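Report on one structure; see the data block that follows.
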Amino acid sequence: MQMNRDMNILVVDDFSTMRRIVKNLLKELGFHKFDEADDGATAWPMVQTGKYDFIVSDWNMPDMTGLDLLKHVRADANLQNTPFLLITAEAKRSQILEAAQAGVDGYIVKPFTAATLNGKIHKIFERVAEREKG
Amino acid sequence: MTCPSQIDIKMVQALLTALEADNQEQATVLLDDLTQLRESELYQRLSVLTNNLHGTLDQLIDNQLLLQTKHDIPEVTERLEYVLSSTEEACDKTLVSTEKAMVLSESISELIQDALLSDTQQAQIQCLLSELNTELTNILLSQSFQDLTGQVLNRVVLTISSLEQSLIQLISESGHDYAAIPDREKDDTIQKSAEMKGIGPNVTQKSKQDSVGSQDDVDDLLGELGI
């Protein structure tokens, strides 16, 4: 999957401020198709529609965590290759390793900069392209 | 509560007889005896009350309260201080960027006066710049929340510190050694479960243990795993 500025992105965070910040930064990077969800439990049925090419999610949310959302995505044969970026305040080494084990494509710790987000998105889609080439 | 010493009616009658006979010396002695009896009864009641209070304190100050006083309350203060410093830092960044944007807007305003533009175009651009300045001023003013929330948080920190001191005093007065209160027992399963749900920013000295300090540390850690 090549990085396409027209791709559908799902931004998942329980704080509306953070969803706005992420959306604005993604807009600055040229993306323009977004949907939002305020929790993993709200996001999961949306993800299951197969609409999204990229998921950006927080970890710590009330009903379903971002980590659980990631595990759901990776366990679904139709969705398992969807690029998944965690943007989170969770910064324990054990948590980062757990996310890696669950198959996260990128991990950004809050607070973060626009340059970090840009760099991570590029790396994720470079890796995805390489993976698809085989 | 029992009342071990009763006022004897005979003592009162003897006092009355002494007073009727105008025997002041005898009356004073009898009255002193009665008062002493009363005082001794009061002391006994106070002693029972004190014992009860100690018993209640012992029940009240259970292990949980000791641990909360020693570990949780100082952490609350640390967390609130993190909120204070991080909002102050964020406000400062916003103010610096807004002030820079205002200077840029001023420079654009001066530049377009020398540009080859029609009067209408000049007016349109000045109007847009004026709107931009209004928005920038709104951003500046909205940062005043930090002053108000900061004052509230400072008061909460003071109240919590005062509460902490009162609890430490209560613990000491009930015969516990505050310094000897042990660390919380670490349960790896509970800790792991909490971490998987998400524990939020690591802002206390204790929670910073085993945490990465920056995005570079995250990248290094994931890099080792080929991500």
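Rule-based calculations on the coordinates, nothing more; no lab input. Remember, predicted model here, so these are calculated numbers, not experimental data. Positions of Cβ are backbone-derived with ideal geometry, glycine not excepted, and every protein chain shown enters the neighbour counts.
Numbers below:
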{"read-out": "Inter-probe distance in nm under a simple model that places probes 7 Å from Cα toward Cβ, at residue B:126 and residue A:15", "value": "4.3"}
{"read-out": "Whether segment B:63-182 is rounded, prolate or oblate, judged on the alpha carbon gyration tensor where a/c under 1.5 counts as rounded", "value": "prolate"}
{"read-out": "Over 22 Å between alpha carbons, listed pairs A:92/B:197; A:33/B:197; A:92/A:120; A:27/A:51", "value": "A:33/B:197"}
{"read-out": "Neighbour cut-off at most 16 other Cβ (10 Å), DSSP loop, trypsin sites (Lys or Arg not before Pro), segment B:123-227", "value": "B:184, B:186, B:206, B:208"}
{"read-out": "Cα-based helix-to-principal-axis angle, B:188-197 vs chain B, degrees rounded to 10", "value": "40"}
{"read-out": "Value of Rg/Rh across segment B:1-60 [Cα atoms, Kirkwood radius]", "value": "1.26"}
{"read-out": "For residue A:7, residues with placed amide H under 5 Å, excluding near neighbours", "value": "none"}
{"read-out": "Gap separating the Cα centres of segment B:55-90 and segment B:133-206, nearest whole Å", "value": "6"}
{"read-out": "Residues residue A:112 and residue B:117, FRET efficiency given R0 of 51 Å [Cβ-Cβ distance, rounded to 0.05]", "value": "0.80"}
{"read-out": "Distance between modelled label sites at residue B:134 and residue A:29, nm, 7 Å Cα→Cβ extension", "value": "3.5"}
{"read-out": "Nitroxide proxy distance, nm - points 7 Å out along Cα→Cβ at residue B:11 and residue B:71", "value": "5.6"}
{"read-out": "In sequence order, calculated HN-Hα J values of segment B:202-211 (Karplus, 6.51, -1.76, 1.60; Hz; x Gly/Pro)", "value": "8, 10, 9, 3, 5, 6, 6, 5, 6, 10"}
{"read-out": "Three-way shape label, chain B, alpha-carbon gyration tensor, a/c 1.5", "value": "oblate"}
{"read-out": "Theoretical ellipticity at 222 nm over chain A - DSSP helices of four or more residues, -39500 (n - 2.57) apiece, nearest 500", "value": "-14500 deg cm²/dmol"}
{"read-out": "Efficiency of FRET between residue A:130 and residue A:72 - r from beta-carbon atoms, R0 22 angstrom, step 0.05", "value": "0.30"}
{"read-out": "In Hz, Karplus ³J(HN,Hα) per residue of segment B:112-117 (6.51, -1.76, 1.60; θ = phi - 60°; x = Gly, Pro)", "value": "6, 5, 8, 6, 7, 10"}
{"read-out": "Cα Rg, Dmax, segment B:14-99, angstrom units", "value": "32.1, 98"}
{"read-out": "Chain B: calculated mean residue ellipticity at 222 nm from DSSP helix runs of at least 4, using -39500 (n - 2.57)", "value": "-26000 deg cm²/dmol"}
{"read-out": "Pairwise FRET efficiency - residue B:179 versus residue B:58, Cβ, R0 = 22 Å, nearest 0.05", "value": "0.70"}
{"read-out": "In range of the label at residue B:187: residues from segment B:43-85 whose backbone nitrogen is under 20 Å from the point 7 Å along Cα→Cβ", "value": "B:62-73"}
